[in-house]
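Everything below concerns the one structure shown next.
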Amino acid sequence: MKIDIHTHTKKCKSGDAPTREITPEIFCETILSTEVRIIAITNHNVFDLNQFEEIETRLGKDAQVWPGIELDILEGEARGHLLVIVSPKSARDFSAAVEKLTKGFTPDNFTARIDGILETFDAFNPLYVAHYKQKKPNLSDAMLEVLETKTQKPWCVIKEVTNSISAGIYISHGHSSIYGSDIHDWAKYEALSHDLPDLRLPVDSFEHFCLLLKKDTTTINTVLDRKTPEELVLHPFDDGSELSIKAFNDINVFFGPKGTGKTRILEAIAKHYSENGVEARVYVSASDNLDEIFDTKGKNLAINLNAYDINYCTDEVKALRGASEVSVTNLGKFSNYFRETNTSKNASKILLKDIDPEEGGSAKHEFTEFNLAVKTTADFIKFLTDNPSVKKELDDEELTDVTRILSELLTRLGKREWTSFSDWKEIVLLNSAIKTFRREIERKTGKPAKPTTTGFRDYAMNRIMIEVNAAKIVKSVDTAIPMRTELVGSLGLNKGDLQFLTEFKFQSGAVSDGALSSLTAVKKIPQKKFVNCVRHILEHAYADDLFQHISELNAIEDVENIKTVHELLLFKRYFALNGQPYSPSSGESSMVMLQKELGTDKEVYILDEPERSLGNEYISDVIVPLIKERARAGKKVFISTHDANIAVRTLPYSSVYRCHGPSGYKTYIGNPFTNNLVNRDNAAEQLDWKKTSMKTLEGGEEAFGERGKIYGTN
Amino acid sequence: MEQINATVECLDGKYFIKIKTGGEDISIPMSDDKPNEVKSAFNKIITRIKAGEFEIKLEVVGEDLFSLVANEYLAQLNREIQEVRNEMKQYGLVK
């Protein structure tokens, strides 16, 4: 949920861009297309009540719109802009007050003094948002001091700066700061809205927002308790002492000097959840584990070739390795038959022996086709009658019709199946009888019978099957397998996303990339020899030297371990940036491992100093948003940190501060919203959350101030 | 169906069936049992089957033993060629 305290809907001053003009309809559409759910309309020296009310009606409960105005303030020579924003409940009175104040002026020539503003608007309990420093034209410190001194609610005076970094710096220095879009062109609002402030706590209304600004403890605790806090009773230390903390399904931060037991507390939290059946472990940054975590050596790498429509070729490999030559019929048998004319009277009566055998392959094929058609049709009829979806779609009459037609088809197919079977077997029987009679007559008469075959059929079919098997293997190993791409994490806005790539490649016979490893125990040289042999076999399927190549195949070292094409797979795994191999540095490894941890969906995240080896910019741009996103999803995030970016920018619901002094260890619990930390053993002893966190996390307020110089004080 | 002619040839007293495919002739020895030469001839026939359907016909069928043998042998071979071609069709190996 984002807030925008500074928008324009009208071109009021002559210097205003025309692109500030927007209709209520488009305004509402634009706002609802963003994450902005609280928006203040602050036109220059004008408040349009009708427009406000139309927008309020159109937005309904989808978003809050607050009435406001951006006023020109003139004190002596000093000129500045001040936003005055009031409760929507006061919109009508506010409109009247604006009208009275600006009467006789145009937006271009209107100016007011701070006293006049207070006199007109302070009774509305407004929010004053003053242009500050680089936000021009800005109110001077003197003008602001007057405003803060004379208003009834000084906590409602906020300084408007130009961006989030400036706001962070001013907040760290004790100034209430915020920034708004000050939109000049509504066409750019959606993109621009991403940088607007997030509301860490839910804001129900304008009045609620003001109470939160006041850091009203009751209001804050009521809001915090919406997150269903849980009381954790832990025993993290060796002395068995008890530590009870309130854990939110949000961000819970532990900070304090080194050696104050923060890691022990995190371990105790992990133990607590694990014992209650919730997956929880302490994440500790260890950049050298990246290769192991991603299994770059592929120890557990597996692939299912069926998923890529690749045949494993188990039968084909086996058949090829076991292939042997088939004999042919000696032509001498034919010569002998014609040379020795059979003179036996009985033999001459057996005419069957003189019939030529018939070709049975076609008949067998026809039967196979009908057999398959019968089975498929029968299965389909069963599917139709059993399937609930079909029954939902077809009424009884339709289903009966479909079933009847298919049953008739099944009957006809069944008849054809039977006749084709009998035709096939008739040929088989005939050929068998011819062969048997010829053999018996040959045996009884001692005269050679006419050979039943030249041997061509069996010889050719053997070679054909060798070609078919070799072709299937080659087809499989010539199939390209798409690269597997896994997003590891972002290396920051400049570098982009680090990916982890897994390339699978079959040894095609010509692959010689040294970076590729064999996926199985079969070594690379036998793989290469095997594929080359299969290619030679395919090329020489009808050559006289075919079986030399098959012998070479069987002579390959460890060939018995190659049972499928899976054993011919090679792989390489590597990290890549923009598609190019990339070796992440130790810091970058830490970055992506932390992202991976936060990217894993679970209920409890426990991070021990996640900032280790990471740069401030990366923590702010990537890690803090990820942590916030987990918190928004209602997950419990426990973080031990020495980093102000994490402790401050995440605005944790719970902060546990551990320290050690002359009287031993102390534990303070609080949050940034009330800005205090309370000693759990002595409620009277309280610390300022902001000061303590800055002192502990950055080594003193001076160090925190230095950050302004690093970022630039714009 | 294309018809390919064959003849019975005698060279140095050895008889052969010579099949004239248009390219390299295919020779099948009849006088001696030479299985490797028969296999080599079969390899060429298989390759020829891939190019198109055909039948081998003995140009002149004489009454001598080798003509009878060749005639019978080719009749059987033609039947088997047809069967093999049908099988090759199933595997998509013929044009």
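The values are calculated or read from the model by the stated rules, or taken from the named source; none is laboratory data. Here the structure is a predicted model, which is why all the values come from computation and not from measurement. No Cβ is skipped: glycine too gets one built from the backbone with ideal geometry, and neighbour counts run over all protein chains shown.
When restricted to residues that are within 10 Å of A:Glu359 (Cα to Cα) and of a type in the set (A, V, I, L, M, F, W, C), the stretch B:82-95 contains 1. Across the stretch B:59-95, the qualifying residues are those that are within 13 Å of the chain's Cα centre (by Cα) and of a type in the set (D, E, K, R), and the one among them that is farthest from the other protein chains (Cβ to nearest Cβ) is B:Glu59. If you check B:Lys34, B:Lys44, B:Lys20 for being in contact with a strand residue (DSSP E or B) (Cβ under 7 Å, 6 or more places away or on another chain) and farther than 28 Å from A:Asn469 by Cβ, only one passes: B:Lys20. The single residue among B:Asp33, B:Asp25, B:Asp12 that is surrounded by fewer than 21 Cβ atoms within 10 Å (Cβ to Cβ), within 12 Å of another protein chain (Cβ to nearest Cβ) and not polar (S, T, N, Q) turns out to be B:Asp33.
B:Arg48 fulfils the conditions (1) facing chain A (nearest Cβ under 8 Å); (2) surrounded by 14 or more Cβ atoms within 10 Å (Cβ to Cβ); (3) under 24 Å from A:Asp545 (Cβ atoms) except for a single criterion, (1). Taking the stretch A:64-162 and the strands (runs of 3 or more DSSP E) fully enclosed by it, the elements with 1 or more residues that are under 30 Å from A:Glu29 (Cβ atoms) and either of a type in the set (Gly, Ala, Ser) or free of Cβ contacts under 8 Å to residues at least 12 places away in the same chain (or both) are at A:64-75. Identify all residues within the stretch A:527-567 that are under 40 Å from the mean Cα position of the chain (by Cα) and more than 21 Å from A:Met465 (Cβ to Cβ); write none if there are none. Of everything in the stretch A:527-567, those that are under 40 Å from the mean Cα position of the chain (by Cα) and more than 21 Å from A:Met465 (Cβ to Cβ) turn out to be A:Gln527, A:Lys528, A:Asn561, A:His566, A:Glu567. Applying the criterion of at least 1 residues that are in contact (Cβ under 8 Å) with a residue 60 or more places away in the chain, within 14 Å of chain B (Cβ to nearest Cβ) and aromatic (Phe, Trp, Tyr) to the helices (runs of 4 or more DSSP H) found wholly in the stretch A:497-602 leaves A:546-554.
Residues of the stretch A:554-610 that are over 30 Å from A:Ile265 (Cα atoms) and of a type in the set (Lys, Arg): A:Lys563, A:Lys572, A:Arg573. For the stretch A:365-400, a tally of residues being surrounded by 15 or more Cβ atoms within 10 Å (Cβ to Cβ), within 14 Å of another protein chain (Cβ to nearest Cβ) and at pLDDT 90 or above returns 3. Considering the stretch A:591-647, the residues that are touching a Gly at 6+ places or on another chain (Cβ under 9 Å) and β-branched (Val, Ile, Thr) include one that is surrounded by the fewest Cβ atoms within 10 Å (Cβ to Cβ), namely A:Val622. If the condition is being at pLDDT below 95, away from chain B (no Cβ under 12 Å) and buried (at least 18 other Cβ atoms within 10 Å of the Cβ), then the stretch A:450-489 contributes A:Val488, A:Gly489.
Conditions tested, residue by residue: (1) among the polar types (S, T, N, Q); (2) part of a loop (DSSP other than H, G, I, E, B); (3) away from every other protein chain (no Cβ under 14 Å).
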{"site": "A:Ile269", "(1), (2), (3)": "no, no, yes"}
{"site": "A:Asn300", "(1), (2), (3)": "yes, yes, yes"}
{"site": "A:Ala307", "(1), (2), (3)": "no, no, yes"}
{"site": "A:Ala323", "(1), (2), (3)": "no, yes, yes"}
{"site": "A:Val328", "(1), (2), (3)": "no, yes, no"}
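Taken over the stretch A:571-621, residues that are touching a Phe, Trp or Tyr at 6+ places or on another chain (Cβ under 7 Å) and among the hydrophobic types (A, V, I, L, M, F, W, C) amount to 8.
Beta carbons closer than 9 Å, at least 6 apart along the sequence or on distinct chains, pair a first residue in the stretch B:55-78 that is in a loop (DSSP other than H, G, I, E, B) with a second that is hydroxyl-bearing (Ser, Thr, Tyr) and surrounded by fewer than 17 Cβ atoms within 10 Å (Cβ to Cβ) for B:Glu59/B:Thr7; B:Val60/B:Thr7.
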